[in-house]
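Colleague: What follows is a structure written as structure tokens; I'll ask about it next.
Please treat every number below as a calculation from the coordinates, not as lab data. It should be emphasised that the depicted structure is a prediction, and the values quoted were computed from it without experimental measurement. Using ideal geometry, Cβ is built from the backbone for each residue, glycine included, and neighbour counts are taken over all protein chains shown.
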Amino acid sequence: MRKFFVVALTVTLLLVGTTSAFAADTVKGEIVEKACFVDRGAHGEDHAACAKRCFERGGDVGLLTADGDLYILKPADDAAAFESLKGLAGQTVSVTGDWGEDDGEYKTLIVSGSATD
């Protein structure tokens, strides 16, 4: 009987952890280009034009929070919300989406909506 409870508790904890890891969420931060920010700390309105050029060349779109966390943004099936973020480099926005798989270094947010703040 004890073994059953241990197994049931383990399965429950795994399911709860998995469900919350992939739940929709909204995160607020500044749109940055990943390489420019990681390599040189470049962000803000002074860097917006460079970031937009990098996005045109396929650079990763990132979201830098006030806490200094960097999230990598990826498009959902309907990429309109994601594509609109590229024009908002250097601005603070709220991004809604589902958590994707981490790449080992950064969390990934699959963008389903956004709004400027």
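Colleague: If each of ASP102 and ASP46 carries a label point 7 Å out from its Cα toward its Cβ, how far apart are those two points in nm?
Modeller: 3.3 nm
Colleague: Along the three principal axes, how long is region 23-116 when you take its alpha carbons, biggest first, rounded to the nearest angstrom?
Modeller: On the principal axes, region 23-116 reaches 33, 26, 23 Å in Cα extent.
Colleague: Compute the length gained on full extension between ALA80 and THR26: take 0.36 nm times their separation in residues and subtract their Cα-Cα distance, giving the result in nm to one decimal.
Modeller: Working it through step by step, the gained length comes to 17.7 nm.
Colleague: Also: Starting from the Cα-Cα distance between ASP67 and ARG53, subtract it from 0.36 nm times their residue separation and give me the gain in nm to one decimal.
Modeller: Details: separation 14, 0.36 × 14 = 5.04 nm, distance 2.60 nm.
Length gained between ASP67 and ARG53: 2.4 nm.
Colleague: Let me ask something else about it. How about LYS107: which lysines have a C-alpha closer than 22 Å to its C-alpha, ignoring those fewer than 8 places off in the same chain?
Modeller: LYS28, LYS34, LYS52, LYS74, LYS86
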